[in-house]
Amino acid sequence: MTIVLGGGGFTAYHAVQNANEQPSEQFTLNELGKLASGDLAAPDPESDALKAAAEQAYRAEQLEKGRGGAGKDLKWVVPKQAPSGGGFPAMNFPPGSDPSPGTNKATARDMLASFGFGADQWGCLESLWTKESGWNERAMNRYSGAYGIPQSLPGSKMASAGSDWQTNAATQIKWGLGYIKGRYGTPCAAWGHSQSVGWY
C-alpha cells in the first residue's frame with residue numbers, strides 16, 4: 001500500500017515514524033553546534049530530499065488524475081499559446097502553421113556541420129529530441145515547463161538565438177545545438193547523459 005501525503009501531512013507522518021523508532025545514531029558535533037547556535041535553517045539534504053519527493057509525488061498524482069486521451073503517456077503537452085518569459089508576452093501560434101517534425105529534423109540535419117558536428121552525431125540528436133519533444137516546436141514539459149524542440153528551461157533562454165523563439169523551429173534548433181556544444185561537446189555526449197539520468 002502506498003500513502004502519498006502532501007505538506008504538513010507528510011511532515012507529521014515522518015515525525016510519528018521518527019518518534020516510534022529508536023535513534024540509530026547520535027548528533028555529530030557539527031550538528032550540535034548548529035543547534036546550539038540557533039541555525040535551524042542550515043541545509044539538511046536528507047529532509048530536503050524527502051520534502052522534494054513528497055512534492056513530486058503530489059504533483060504526479062494530480063497530473064495523473066487529470067490525464068487522459070491519446071497523449072496520456074507523453075511527458076509533454078502543446079499549450080494553447082506560446083509561453084511568455086524574458087520580456088516576451090505569451091503569443092498565439094500563427095494560423096495554418098502546424099508543427100512539422102520531418103521538416104524540423106531536416107533543418108537540424110542541415111545545421112549540424114555549422115556547429116562542427118559530423119554526420120555521425122545525427123542519430124544521437126534525433127533520438128535526444130524525439131525523447132524530449134517529438135521534434136515539436138510547441139512542446140511544453142508537463143512537469144517543468146521546459147519548452148520547444150530542445151526543451152529549454154525556461155523557454156525564453158532561446159531568445160539568445162532569435163526573438164521568434166516561441167514559434168520558430170529553426171531558432172530553437174540553433175539555440176539547442178549551441179547549448180549541446182557548450183555543455184556536452186556533442187549530441188552523442190548529451191544523449192548519453194540523458195540516457196543515464198533522464199535529462200540533459
In segment 78-90, residues that are surrounded by 13 or more Cβ atoms within 10 Å (Cβ to Cβ) and closer than 14 Å to Glu137 by Cα total 4
Please find, among Trp122, Trp135, the residue that is of a type in the set (A, V, I, L, M, F, W, C), in contact (Cβ under 8 Å) with a residue 12 or more places away in the chain and farther than 19 Å from Gly182 by Cα.
-> Trp135
The condition from (1) modelled with pLDDT under 95; (2) open to solvent by less than 60 Å² (accessible area, probe 1.4 Å); (3) within 17 Å of Leu74 (Cβ to Cβ) that Gly148 misses is numbered (1)
Do the conditions hold for Ala170, that is, is it surrounded by 18 or more Cβ atoms within 10 Å (Cβ to Cβ), of a type in the set (A, V, I, L, M, F, W, C) and modelled with pLDDT of 95 or more?
-> yes
Which pairs have Cβ atoms under 7 Å, sit 6 or more apart or on different chains, and link a residue in segment 143-164 that is under 12 Å from Tyr179 (Cα atoms) and of a type in the set (S, T, N, Q) to one that is part of a loop (DSSP other than H, G, I, E, B) and open to solvent by less than 60 Å² (accessible area, probe 1.4 Å)?
-> Ser152/Ala146
Is it the case that some residue within segment 123-134 is open to solvent by 50 Å² or more (accessible area, probe 1.4 Å) and modelled with pLDDT under 95?
-> yes
Count of segment 179-189 residues which are modelled with pLDDT of 95 or more and either open to solvent by less than 50 Å² (accessible area, probe 1.4 Å) or more than 23 Å from Ser156 (Cα to Cα) (or both) | 6
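The values are calculated or read from the model by the stated rules, or taken from the named source; none is laboratory data. Everything numeric here is computed off the predicted structure, so don't read it as measured data. Ideal geometry is used to build each Cβ from the backbone, glycine not excepted, and the neighbour counts take in all protein chains shown. Note: areas computed on protein heavy atoms with side chains; ligands, DNA, RNA excluded. Shrake-Rupley method; radii C 1.70, N 1.55, O 1.52, S 1.80 Å.
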